[in-house]
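We did not get these values from a lab; they are worked out from the coordinates using the rules stated. These numbers come from a predicted model, not from an experiment. Neighbour counts are summed over all protein chains in view; Cβ atoms, including those assigned to glycine, are modelled from backbone coordinates with ideal geometry.
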């Protein structure tokens, strides 16, 4: 925590020129002299731009900054980079994730160097920081479907907030969706008659996922109060239990995306309702892994699971499946001799 506070003080020095967003944290100011804009606009794929933007937002949050533009890149040096890595390790980010964060930081700083905002020496010193070795296999927690059923009981009720949250968590565990796939889900993506979702996932890959009757029932309970007007499936619910219907005034489909929940809000729901605390860490992606593991344990073919998950390779799906020690012990005792 001391390292984090020291880093925030470094980044908050007022004598450094910085760029501030005029809209939300997701908005990138068009400014050829801004290293953030220069870096993101130089990425060819939209998916890469979205990833970079999300990573920079996450870095800002880890540094207690309100916006990615509150980070003063002209003061980002060797010590700052080392301290950032420490903060990310304390936050228990996976080695591969820290490597990704480091690469994007270095990318922005390279643009700052090319814009003559930092020196070659400053840039080289930051690049000399050793990041964790990527590719280290990390043990991920999952949750059994029986335990998840108990977890869902807290959303039994008829308030708008409980209906929405029940539907969100039911889709997470019942369809194995990623956070952004939940938040960007539109009414037009729903095929309720055939109990399916059809949407654009990671890398713009379109896929269809079937919904179990239990999952469909919870989604329909939410839609009873949300309505079927085109727009984001999941909307904000205020403290007075009113649903944010501002999206109804959107004049174009492109504007509807502005009313989606943030990806981070799904993570915060996991924190709020006890999936992430001092004793366990069942993040949204852990629920996705639980979905894959449940299907695998019920003898569903890995090729089918890979398609449901939106994986291009079965090898990726294999990494998602959690094999317990009891299963390994049973395999030896029952099948070796």
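Treating r as the C-beta distance of residue 191 and residue 64 and R0 as 35 Å, the FRET efficiency rounds to 0.25. Helix 325-335 and the long axis of the chain differ in direction by around 50°, with both axes built from C-alpha atoms. For the stretch 145-326, the alpha carbon convex hull comes to 128 Å³ per residue, rounded to a whole number. Across the chain, the convex hull enclosing all Cα atoms gives 172 Å³ per residue.
In nm, what is the difference between 0.36 nm times the number of residues separating residue 153 and residue 31 and their Cα-Cα distance?
39.0 nm
Rounded to the nearest 10 degrees, the inclination of helix 78-90 to the longest alpha-carbon principal axis of the chain is 20 degrees. Using Cα-only point scatterers and the Debye equation, what is log10 of I(q)/I(0) for the stretch 107-197 at each q in 0.13 Å⁻¹, rounded to two decimals? Log10 I(q)/I(0), no solvent term: -0.72.
Quick check on packing: order 93-100, 313-320 by the mean number of other C-beta atoms within 10 Å, highest mean leading.
Details: 93-100: 17.1, 313-320: 14.6.
Ranked from most to least packed, the peptides come out as 93-100, 313-320.
Computed from Cα positions, the angle between helix 263-272 and the longest principal axis of the chain comes to roughly 70 degrees.
Peptides 72-80, 121-129, 163-171 ranked from most to least packed by the mean count of surrounding Cβ atoms within 10 Å: 163-171, 72-80, 121-129. Taking label positions 7 Å along the Cα-Cβ direction at both residue 298 and residue 246, the computed distance is 4.0 nm, reported to one decimal.
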